[in-house]
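Input: a single structure, listed below in structure tokens.
What follows is calculated from the coordinates using simple rules that are stated; it is not laboratory data. Keep in mind the model is a prediction, meaning the values are calculated, not measured. A quick note on method: Cβ atoms are made from the backbone with ideal geometry, for glycine too, and the neighbour counts reach across all protein chains shown.
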Amino acid sequence: MKINQFGLKRVSLEEAKKELEQVGFLTIHSAKDATKLWFEFLRKSFLTVRDDSGFINKLGNFLADEQTDLSTFYQANSSVTKEVFYTMALQQLDFEPTIDFEPKNVLAEAEKIGVPMIDGDFSTRETLIEAWYLLLTSHTKNGLNYLDKLASEGYYEDKEVSKPFFFNGKAQAVFDTARLIREAVYVEAPLDTDKDGKRDLLKLEILRPAETEDGLQVPTLFTASPYSQGVNGPAGEELTYDVNVPLERKEPTETTYEDIRYKPEPVELPAEREVKGKATHATETFTRENNHSLNDFFLARGFAVVYGSGIGTRDSDGIQTCGSVEQTTAMVAYIEWLAGNRRAFTNRTDNIRIKAWWSNKKVAMTGKSYLGTLATACATRQVEGLETIISEAAISDWYQYYRDNGLVIAPGGFPGEDADVLAIETFSKMRNAGDYLHSKKFFLDYLKDMAEWQDRKFGNYNTFWDERNYLPFIKDIKCDVVMVHGLNDWNVKPRQVADLWDALKEVPVAKKLILHQGQHIYINNMPSFDFQDMMNLWLSHKLYGIENNAKDILPDIVYQKNTAPETWATLQDWAPASEKVYHLGEKSLTNNVETGHYTFSDQLPKEQYDRYTKNIELWEKELKGEGPMDGHRYLAKTEALEEAVFLNGRPKVRVKVASSVDLGMLSFELIDFGTAKRLKPTPDVVALHGLPLGRNWREDNLVEFKLGAEDDYKLISRGHINLQNRENAWKNDDLKANEFVEIEVVLHPTMYHLPAGRQIGLAVYGTDFGMTVRGNQDIDYTIDLAESQLILPMGE
């Protein structure tokens, strides 16, 4: 087990003493002798025993060194040493002697695990105080720092501390979540998306500490989730498109970006509702929200949490529009109400106004995927009150989610999904049958328009997609941004966060990037990585104004290495120091130009084609090896690497290619070849409900990436292009049969370590059975090897 802590705030001795007094470990009666003080600290941390005999018995459960239990050590009046302190410290952090560490080499073992230590004379009170303070902030084997673990076991129950309470710059779990107030209000948005002549009212579910009833004002974590009121799975499946269709030829055009640029048109809105009364408390509540465990963590620490689904969702007005300007406006309306700048009502009919009087008017947005996407969208609006966003696995450009370089491209795992499919899936007001009656026809007509606007037939970037591209407006962001993304996320692909990171470089806000080895997942429950602590430091600063140096302490980039479990590192930028060019040879990637042509057929025998449509994993496997895909793709490898290589950025492929017909597409995979144990694509559950989020509160599973069985390859990156969109995604280029054209495709960005002895491979093919249309057309592609290269981003 290895711990990676990036959210730890180092403090002076005086600050440590002050905070230990506030938290109840140090008092005016505390012992002056270092060893006696240590045992006083231990007694206060043993929360299940209350007398001397129980304390001594409890000590006997632990080792002081490899030959002495701690009870014997205590009764012998031995003096604490650094080795004894950290032998016990590791056990307090849930590490087991002989299993997780060897007591006879405790200091080296602690360093190997990653437990922060201090040097000094442990016979002195000052050293002991500093070491204990650091121990309280150190991470346990099971996902919490030690003080958070004590809090989950009841440490604060007999303590009188302020609410909120902060230790090491982080909010502490001192709030009783059994007393949370749950209420629902309806925010009036400056929209009328269902054209019923009334402004859309949007339901907001609120969880806030009971202490707000006594005047405490708290900040809010807002999760904008079109999913939280339910989804329409059967309706989405019914609308999902057949992808076993041919690629269409496009008539050449001279379309410019200006021709398709989205230009918002003024909309005349209905008047605001007439207020017929005021209330301080809501008249509606809810039973169980569709929660996010990171939010639950902060509910125990003095933050309110709200969930808003927006237009077209259950108990709200309007229709679903999937990423449109109106959807962003709806989510912004919630923030405006929390900041005191928009109206809300107690229900959808009585017009009784209610204010967020309990809010300190500071908001952060949380959530992954669609949820993180809407956080990015709201940030571009410069909305007052939005202090920061934590956008995880977020879309920054919807075109890049459902399209790529003039092709219809499915998000990984969802062939046939499109914007209109997602719209009907999240139009959860369908589940309130009576309410749905009033907007059914209007919404279904809008879906038909969406199908036309999104242009699934040709896949070009157009006005519909330009409206759903947030990247041109990243320059307008005023709040600080935390981005989290999986380097193996082929649903919301890595380009989405890389484009956001690059766009933010010139924007004068703090920006932090965290990249993990996972797919489309949350990472706040990995014991090897202190994500919750990092976000606690960040949000305590951003929302409570705690001066904790969060912006300086948290690295700009933290990434998880792919070569070993539980290993994270920092980086200055997601950009290479240099480039390495490989030339495409007939069977290998070489340093020298090779002449000649390589031809492969995109059409497969019917049996093989049918097999792949039903088993994409089989196609992925056979694409990368000798066998049925020979002659149906180009595949080449480098020689075994003489030294380790670090890919950092966006690989590129330049190809001179000819299609045997007047249309075509190419797909690319960059591959790590070599027999080895690699990290599994999905983290293992290491403890069910093993992560307590507060005292007698909800839990999350602990998960961790583990090494899998030996395999022969690993996908590093991929990319796609329509051969008729060589210049850009909105202009159709002509393509003549058997005429060579030059293309350059930028693959998805990566951070990837290749050890010496591995081979870098490149596959070039036509149909991607997991992502493109797959019409099994009779097309041959011919690559001019002498004019084709792979360009890799190398180093830091």
Structure-based [θ]222 nm, the chain - -39500 (n - 2.57) summed over DSSP H runs of at least 4, per residue, nearest 500 = -7000 deg cm²/dmol
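Placing +1 at every Lys and Arg Cβ and -1 at every Asp and Glu Cβ, with all other atoms neutral, what dipole size does the stretch 177-470 have around its Cα centre, in debye to the nearest 20? Display every interim value, and only then the final one.
Numbers: 35 positive and 46 negative charges, 211 e Å.
Charge dipole, the stretch 177-470, about its Cα centre: 1020 debye, nearest 20.
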task = Please work out the Kirkwood hydrodynamic radius for the stretch 299-381, using every pair of different C-alpha atoms, and report it in angstroms with one decimal place.
result = 13.9
ask   = Once you charge only the Cβ atoms, +1 for Lys and Arg and -1 for Asp and Glu, what is the size of the charge dipole of the stretch 578-794 about its Cα centre, to the nearest 20 debye?
value = 740
message = So if I take the centroid of the Cα atoms in the stretch 325-380 and the same for the stretch 25-90, what is the distance between those two points in Å?
response = 50
message = Along the charge dipole of the stretch 13-168, pointing to its positive end and built from +1/-1 on Cβ of Lys, Arg, Asp and Glu, which listed residue (HIS29, SER138, TYR74) has its Cα farthest out?
response = HIS29
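Based only on Cα atoms, what mean projected area does the convex hull of the stretch 578-794 have, in nm²?
The directionally averaged projection comes out at 15.4 nm².
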Whole-angstrom Cα spans of the chain along principal axes, big to small = 90, 76, 45
key: For peptides 635-641, 460-466, 168-174, sequence by mean Cβ density within 10 Å, most packed first   = 168-174, 460-466, 635-641
request  = For the stretch 751-759, take each phi angle, set θ = phi - 60°, evaluate the Karplus expression 6.51 cos²θ - 1.76 cosθ + 1.60, and give the result in whole Hz per residue in order, putting x for glycine and proline.
outcome  = 10, 8, 9, 10, x, 4, x, 6, 10
key: Extension reserve of the LEU47-PHE442 stretch, reckoned as 0.36 nm per residue once the Cα distance is removed   = 136.1 nm
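May I ask for the Kirkwood hydrodynamic radius of the stretch 13-168, worked out over all distinct Cα pairs and given in angstroms to one decimal?
For the stretch 13-168, the Kirkwood estimate is 15.9 Å.
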query = Ranked highest first by the average count of other Cβ atoms within 10 Å around their residues, in what order do 326-334, 590-598, 90-98 fall?
reply = 326-334, 90-98, 590-598
ask   = Roughly how many debye, to the nearest 20, is the charge dipole of the chain about its Cα centre, given +1 on each Lys and Arg Cβ, -1 on each Asp and Glu Cβ, and no other charges?
value = 1680
Kirkwood-based Rg to Rh ratio, the stretch 255-360, C-alpha trace = 1.04
remark   = Output ordering of 186-194, 221-229 (per-residue mean of other Cβ within 10 Å, highest first) is 221-229, 186-194
query = Separation between the LYS706 and GLU452 pseudo-spin-labels, each 7 Å from Cα along Cα→Cβ, expressed in nm?
reply = 5.5
key: Using θ = phi - 60° and Karplus 6.51 cos²θ - 1.76 cosθ + 1.60, couplings along the stretch 372-388 (whole Hz; Gly, Pro as x)   = x, 4, 5, 5, 4, 4, 5, 4, 6, 8, 6, 6, 5, x, 7, 8, 6
request  = Calculate the spin-label point distance for PHE646 paired with ASP630, positioning each point 7 Å from the Cα along the beta-carbon direction, and give it in nanometres.
outcome  = 4.0
request  = Please name which of CYS378, GLY459, LEU407 has its Cα lying farthest along the dipole of the stretch 336-459 towards the positive end, using unit charges on Cβ (Lys, Arg +1; Asp, Glu -1) and the Cα centre as origin.
outcome  = CYS378
ask   = From the residues TYR334, LEU447, ASN360, which one has its Cα farthest along the dipole of the stretch 177-470 in the positive direction, the dipole being from +1 and -1 charges on Cβ of Lys/Arg and Asp/Glu about the Cα centre?
value = ASN360
